[in-house]
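The structure appears below as structure tokens.
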Amino acid sequence: MQEWANQLCENRQFGSKMTDSKYFTTTKKGEIFELKAELNSDKKEKKKEAVKKVIASMTVGKDVSALFPDVVNCMQTDNLELKKLVYLYLMNYAKSQPDMAIMAVNTFVKDCEDPNPLIRALAVRTMGCIRVDKITEYLCEPLRKCLKDEDPYVRKTAAVCVAKLHDINAQLVEDQGFLDTLKDLISDSNPMVVANAVAALSEIAESHPNSNLLDLNPQTINKLLTALNECTEWGQIFILDCLANYTPRDDRESQSICERVTPRLSHANSAVVLSAVKVLMKFMEMLPKDLDYYGTLLKKLAPPLVTLLSAEPELQYVALRNINLIVQRRPEILKHEMKVFFVKYNDPIYVKLEKLDIMIRLASQANIAQVLAELKEYATEVDVDFVRKAVRAIGRCAIKVEQSAERCVSTLLDLIQTKVNYVVQEAIVVIKDIFRKYPNKYESVIATLCENLDSLDEPEARAAMIWIVGEYAERIDNADELLESFLEGFHDESTQVQLQLLTAIVKLFLKKPTETQELVQQVLSLATQDSDNPDLRDRGYIYWRLLSTDPVAAKEVVLAEKPLISEETDLIEPTLLEELICHIGTLASVYHKPPSAFVEGSRGVQHKRLPGSAGSGESVESPDTGSTAAAVSEAPPAVIPSQGDLLGDLLNLDLTPPTTTGPIPPPSSGMQMGAMDLLGGGLDSLVGLDTTLGGDLGGSPAMGTGFGVPPAAMPASFSAPVSSGLDDLFDLGGGVGMPMGAYSPPKTVWLPAMKAKGLEISGTFARRAGVIQMEMTLTNKAMSVMTDFAIQFNRNSFGLAPAGPLQVLTPLSPNQSIEVTLPLNTVGPVMKMEPLNNLQVAVKNNIDVFYFSCQYPISMLFVEDGKMERQVFLATWKDIPNENESQFQIKDCHLNSDAASNKLQGSNIFTIAKRTVEGQDMLYQSMKLTNGIWVLAELRVQTGNPNYTVRTVTFKCCWIMPVFAIFTLSKKN
């Protein structure tokens, strides 16, 4: 459409007069036949008239595709206007008539070598707009010539054509080397060619975020900044947007770029100004705040932003939405420009509301008197929405600027005296927030508020008034009567009012129990027995049971001291604000949403971030999830929910690489230490402690490191037998006397080919350098090539999830096998499985999605920092209840204690101490799982006796069977 509009406009310079409107008024029948005859006329003028009629019909939506061959015949002409019209027709109908469009190829190729540069550019532009595969094959050679044409107009047109061709056939563009030619054009002598080359590369890079096409370096940046001064306004926007994606090496380079971009702030085009602001806002992050230039730049940014507000209302609105973001990030830029945002009588409502929002953001102690005077004036306007917002703004000023609170409350009381219904209601809503911010300070106004009780008809205002009455019931003599008046129409009230009324009456009862017993019984009955609303019913039952079982606890819960509300409750979340600042001047900055929220098919959209401030070393582009993952992996264990419909979960999997989940809140601290010596003095001698210490060791600081607190709910039992995946930690191979690597079971077939349309997957699990890995062999036993592999896990007991996508870099041909290693993390969603180590997996390829389950060795989950201090070991063992202890035997094992200790250490089962009693070696061992649970063990090895005795203790009984399986020796070899 853009090309079409451009060409229609350009036609004006070739003699088309305003009289051309006559072509749009015809409604003849049989017109197609007449046009066909005229198109084949020998007279050039008649032929041109006919083509104009065809274009007019096409423009108003008539189907003139039947004339395709006749119009194409008109291409062979020297008349540039006629040629443009024919090309316009071709662009519109080539897709529906691809075979006929081929007829025009020779003319295109011939026109690409025409002596007139306008015709050469027109030909290559039209060929790029015709999205027909057959034509793109013929476009390559003419396009290559045009990219190196002597005329800059042709070169700039060809640069844009590369981006269009890449959209149709990306592989063809890469094979033909057009991308390299495009990169060379960034060094072109003509600034418009440079701008178009940057625009084309940027567009291609957006659809291929990982291609690194725009390899920006200081030399390239210098060329772009040089071209910036000479190209057209849209060229400047392309270059500025490209500059915004560059990360300067240091603050000096950042300052240098800012100095060369600053002149763009005085440009007449608002889009250029906003693009320049975006670059400066981003690069300012790298400038030290004590630098003189930093202050100068802040001062230079204010005037252009102010100037934008003198444009048309629509442009003002766009500017205000962008300014709203800028003010949240750097309020100091516009702190002296408050008057610019004062509302004018003829501003549209959308501009007024946006100005009001920015006024509040800029409000400070220095200008609050001025702001309040304005807001009071706005509250007497006729526009109801604007008045409501103005009254709310007064309340926000009170909350933001503490020194102005009293003046704000006084202003609100004046507004209440006007008795204008909607003003009174908004005032009561904001006064409630002021009470929350400044408790026990302005309660003297409650009497005035109560006078207006009968006029409240909006749910939010009624709920606010009820909250005030309930919160300050002890100061209101007739609080019970006021609340009872609301109770009369309880079922007609909105849910918001009902919930607030329930809480307020319970508060009143706790403050005046003797007078309000009947009232509280009435409201609890209404909320629980007569209500269909589950939220209301649940709250009613909670209050009822609290009051009936423990009134003291009820008082602590319902009358608890409330946290003060924050100053700015509507600020954009910091990481989102950073991303939106990087999108200033685009739709994202108007919607205040990231592009991924409203652009269809935006999976490739890169999330941008501001660079770290000078010396911070933060990254610039998409947020680094690695650090998040690391933080999450150290979080306390999650509660494992009961197993649900797991197959249903797998069928709904989104087979994209997993994202890390948020951190899990820590459980309440504190451990009750038992006084009984569970070891019967057996361990005390190891650490030189007297047994009389008993449970007093609970005060050891080390106890808070993950095992002192029983973790959140874990499975209650481990009834299913543990699979052979937990087989043998001792039979690790290699010599005795040094720690080995963790035992890795041999690969087994997880997914047979007959169940997966020819795809066979066999695999195993291993732990290498602290990373759990899933090692798989993918075999293609089908007749077709397999591509596009992806993997996802269902929720499982330990939150195992892929740490990245499944890397199958080449297509899997028939009868071919490929080895794949998938690193895993433990930050995925958690759910108890049976057996505990069961893992359900979905694998997708170009053929279908396949499901299988496998079992991982529990030993893979033992972490490297599982060696406990001796004193802590003793204290922990003593603290674990007797019922959590188990003892079992391992038969037919012919390793001595040292060999057993070494082999177990390879699987992160650490020996804390060893002692020999009457020819029996006793090893005291600890291990720690990825979810923070500790398991302690005592291994007894009798010289000459092939049977071992293992005694284990853990805070969770469900670990008895897994630990038994871990210690069990296989009888292999």
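Among what's in the range 400-424 and is of a type in the set (S, T, N, Q) and more than 40 Å from the chain's Cα centre (by Cα), pick the residue that is least open to solvent (accessible area, probe 1.4 Å).
Thr411
Here is a list: Val830, Val872, Val841. Which entry is among the aliphatic types (A, V, I, L, M), in contact (Cβ under 8 Å) with a residue 60 or more places away in the chain and touching a Gly at 6+ places or on another chain (Cβ under 7 Å)?
It is Val830.
Just need a number here: residues in the range 230-240 that are without any contact (Cβ under 8 Å) to a residue 40 or more places away in the chain and open to solvent by 50 Å² or more (accessible area, probe 1.4 Å).
Final tally of qualifying residues: 3.
Filter the strands (runs of 3 or more DSSP E) completely within the range 737-837 down to those with at least 2 residues that are touching a Phe, Trp or Tyr at 6+ places or on another chain (Cβ under 6 Å).
Hits in the range 737-837: 748-751, 759-768.
What's the number of the condition Glu834 fails, among (1) open to solvent by 40 Å² or more (accessible area, probe 1.4 Å); (2) more than 22 Å from Ser797 (Cα to Cα); (3) not hydroxyl-bearing (Ser, Thr, Tyr)?
Of the numbered conditions (1) open to solvent by 40 Å² or more (accessible area, probe 1.4 Å); (2) more than 22 Å from Ser797 (Cα to Cα); (3) not hydroxyl-bearing (Ser, Thr, Tyr), the odd one out for Glu834 is (2).
Considering each residue of the range 307-349, count those that are basic (Lys, Arg), under 21 Å from Ala390 (Cα atoms) and not in a loop (DSSP other than H, G, I, E, B), and give that number.
Going residue by residue through the range 307-349, those that are basic (Lys, Arg) are 321, 329-330, 335, 339, 344.
Now narrow it down to the ones that are under 21 Å from Ala390 (Cα atoms): 321, 335, 339, 344.
Going one step further and asking which of them are not in a loop (DSSP other than H, G, I, E, B), we end up with 321, 339.
Going through the range 307-349 one residue at a time, the tally reaches 2.
Which members of the range 48-63 meet the condition of being out of contact with any Asp or Glu (no Cβ under 6 Å at 6 or more places or on another chain) and not in a loop (DSSP other than H, G, I, E, B)? Give the steps one after another, and end with the answer.
Of all residues in the range 48-63, those out of contact with any Asp or Glu (no Cβ under 6 Å at 6 or more places or on another chain) come to 48-49, 51-63.
Listed by number, the residues that qualify are Lys48, Glu49, Val51, Lys52, Lys53, Val54, Ile55, Ala56, Ser57, Met58, Thr59.
Take Ala227 and tell me if it is in a helix (DSSP H, G or I) and over 32 Å from the mean Cα position of the chain (by Cα).
For Ala227, the condition - in a helix (DSSP H, G or I) and over 32 Å from the mean Cα position of the chain (by Cα) - is met.
Could you pull out the residue among Glu354, Glu443 that is surrounded by 14 or more Cβ atoms within 10 Å (Cβ to Cβ), among the charged types (D, E, K, R) and at pLDDT 90 or above?
Matching residue, one of Glu354, Glu443: Glu354.
If you scan the range 499-541, which residues turn out to be over 13 Å from Glu474 (Cα atoms), of a type in the set (D, E, K, R), more than 38 Å from the chain's Cα centre (by Cα) and part of a helix (DSSP H, G or I)?
Scanning the range 499-541 gives a single hit, Glu518.
What's the number of the condition Ala66 fails, among (1) open to solvent by less than 50 Å² (accessible area, probe 1.4 Å); (2) part of a helix (DSSP H, G or I); (3) hydrophobic (A, V, I, L, M, F, W, C)?
Tallying (1) open to solvent by less than 50 Å² (accessible area, probe 1.4 Å); (2) part of a helix (DSSP H, G or I); (3) hydrophobic (A, V, I, L, M, F, W, C), Ala66 fails exactly one: (1).
Would you pick out the residues in the range 879-903 that are part of a loop (DSSP other than H, G, I, E, B) and either exposed (fewer than 15 other Cβ atoms within 10 Å of the Cβ) or of a type in the set (Ser, Thr, Tyr) (or both)?
Correct list: Pro881, Lys891, Asp892, His894, Asn896.
Which fully enclosed helices (runs of 4 or more DSSP H) of the range 168-216 have 2 or more residues being open to solvent by 40 Å² or more (accessible area, probe 1.4 Å) and closer than 16 Å to Phe238 by Cβ?
191-207
Let's see how each residue does on (1) at pLDDT 80 or above; (2) within 40 Å of the chain's Cα centre (by Cα); (3) of a type in the set (Ser, Thr, Tyr):
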| residue | (1), (2), (3) |
| --- | --- |
| Thr77 | no, no, yes |
| Ala101 | no, no, no |
| Asp111 | yes, no, no |
| Arg131 | no, yes, no |
| Lys148 | yes, no, no |
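Taking the range 83-121 as the search range and keeping residues that are in contact (Cβ under 8 Å) with a residue 40 or more places away in the chain and assigned to a helix (DSSP H, G or I), which one is surrounded by the fewest Cβ atoms within 10 Å (Cβ to Cβ)?
The residue in question is Asn92.
Which count do you get for residues in the range 330-389 that are in contact with a Lys or Arg (Cβ under 9 Å, 6 or more places away or on another chain) and of a type in the set (S, T, N, Q)?
So the count comes out to 3.
Mind counting the residues in the range 450-470 that are buried (at least 21 other Cβ atoms within 10 Å of the Cβ) and either in contact with a strand residue (DSSP E or B) (Cβ under 9 Å, 6 or more places away or on another chain) or free of Cβ contacts under 8 Å to residues at least 40 places away in the same chain (or both)?
9
Between a first residue in the range 243-256 that is closer than 18 Å to Ala276 by Cα and a second residue that is surrounded by 20 or more Cβ atoms within 10 Å (Cβ to Cβ) and modelled with pLDDT of 90 or more, which pairs have beta carbons less than 6 Å apart while being 6 or more apart in sequence or on different chains?
Matching pairs, first to second residue: Leu243/Val279; Ala244/Lys278; Ala244/Val279.
Can you list residue pairs whose Cβ atoms sit under 6 Å apart, with the first residue in the range 782-805 being open to solvent by less than 20 Å² (accessible area, probe 1.4 Å) and the second being basic (Lys, Arg) and modelled with pLDDT of 90 or more? Count only pairs 6 or more apart in sequence or on different chains.
Ala790/Lys844
Consider the range 257-296. How many of its residues are open to solvent by less than 50 Å² (accessible area, probe 1.4 Å) and either without any contact (Cβ under 8 Å) to a residue 12 or more places away in the chain or closer than 16 Å to Pro611 by Cα (or both)?
Residues in the range 257-296 being open to solvent by less than 50 Å² (accessible area, probe 1.4 Å) and either without any contact (Cβ under 8 Å) to a residue 12 or more places away in the chain or closer than 16 Å to Pro611 by Cα (or both): 16 in total.
Any chance you could count how many residues in the range 904-913 are surrounded by fewer than 23 Cβ atoms within 10 Å (Cβ to Cβ) and modelled with pLDDT of 85 or more?
Number satisfying all stated conditions: 4.
Across the range 487-498, what is the total count of residues that are open to solvent by 10 Å² or more (accessible area, probe 1.4 Å) and assigned to a helix (DSSP H, G or I)?
Step one: filter the range 487-498 for residues open to solvent by 10 Å² or more (accessible area, probe 1.4 Å), giving 488-489, 491-496, 498.
Checking the rest, the ones that are also assigned to a helix (DSSP H, G or I) come to 491-492, 495-496, 498.
Of the residues in the range 487-498, 5 are open to solvent by 10 Å² or more (accessible area, probe 1.4 Å) and assigned to a helix (DSSP H, G or I).
Filter the range 362-383 for residues that are open to solvent by 60 Å² or more (accessible area, probe 1.4 Å) and β-branched (Val, Ile, Thr); which is farthest from Pro348 (Cα to Cα)?
Once the filter is applied, the top-ranked residue is Thr380.
With Leu334, Leu309 as the choices, which residue is free of Cβ contacts under 8 Å to residues at least 40 places away in the same chain and either open to solvent by 30 Å² or more (accessible area, probe 1.4 Å) or under 27 Å from Gln255 (Cβ atoms) (or both)?
Going through Leu334, Leu309 in turn, the sole match is Leu334.
The values are calculated or read from the model by the stated rules, or taken from the named source; none is laboratory data. Quick caveat, the model's predicted, so the values are computed rather than measured. Please note: Cβ atoms are built from the backbone with ideal geometry, for glycine as well, and neighbour counts cover all protein chains shown. Keep in mind that these areas ignore ligands, DNA and RNA; they rest on the heavy atoms of the full protein, side chains included. Shrake-Rupley method; radii C 1.70, N 1.55, O 1.52, S 1.80 Å.
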